[in-house]
Amino acid sequence: MAAIANGIFREKILNKSLGEAKALPISGVILSVLIAGVIYHAVDLFVNDGFIVYLWLGISWVSLTLIVEYGFGHFVRGMKVSEINNVFNIRKGNLLVLVLLITLLTPVIFAYTKGIL
């Protein structure tokens, strides 16, 4: 839901006021913060069975994100895989790579900082 809300905010407000070149990276940072906030609260919901649980949580979320990204792009929007791959182009201002890294690493980081691990 955070990614969808962020995308709508980018399209309806940021793109119109800042232009796509500035809106895209700003949107990536906003999404990263939103996801970090969700993960910060979500790590409390998992039983502490060690480091691997929180690492697996990050890997699972990244995997699901990629499945949705490619599945929606290909099957709903009719995009080619090469077109979908553009979401990983940092040079064009797309920060999905940052979002994925935060999604992968923050469950472990927050579990440690909260004293769960």
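The criterion of being aliphatic (A, V, I, L, M) and surrounded by 15 or more Cβ atoms within 10 Å (Cβ to Cβ) does not hold for Val97.
Given the condition over 16 Å from the mean Cα position of the chain (by Cα) and surrounded by 13 or more Cβ atoms within 10 Å (Cβ to Cβ), answer yes or no: does some residue in the range 57-72 qualify?
Among the residues of the range 57-72, not one is over 16 Å from the mean Cα position of the chain (by Cα) and surrounded by 13 or more Cβ atoms within 10 Å (Cβ to Cβ), which makes the answer no.
Report, ordered by the first and then the second residue, all pairs with beta carbons closer than 6 Å, sequence separation of six or more or different chains, a first member in the range 74-103 that is more than 20 Å from Glu20 (Cα to Cα) and among the polar types (S, T, N, Q), and a second member that is surrounded by 12 or more Cβ atoms within 10 Å (Cβ to Cβ) and modelled with pLDDT of 90 or more. Filtered contacts from the range 74-103: Thr103/Ile35; Thr103/Trp61; Thr103/Val62.
State the number of residues belonging to the range 14-60 that are polar (S, T, N, Q), in contact (Cβ under 8 Å) with a residue 12 or more places away in the chain and part of a helix (DSSP H, G or I). Going through the range 14-60 one residue at a time, the tally reaches 2.
Conditions (1) within 30 Å of Leu45 (Cα to Cα); (2) assigned to a helix (DSSP H, G or I); (3) modelled with pLDDT of 95 or more, marked per residue:
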residue	(1), (2), (3)
Gly73	no, yes, no
Ile84	no, yes, no
Ile102	yes, yes, yes
Leu105	yes, yes, yes
Leu117	yes, no, no
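The values are calculated or read from the model by the stated rules, or taken from the named source; none is laboratory data. Quantities reported herein were computed from a predicted structural model and do not represent experimental measurements. Backbone-built Cβ (ideal geometry, glycine too); neighbour counts: all protein chains shown.
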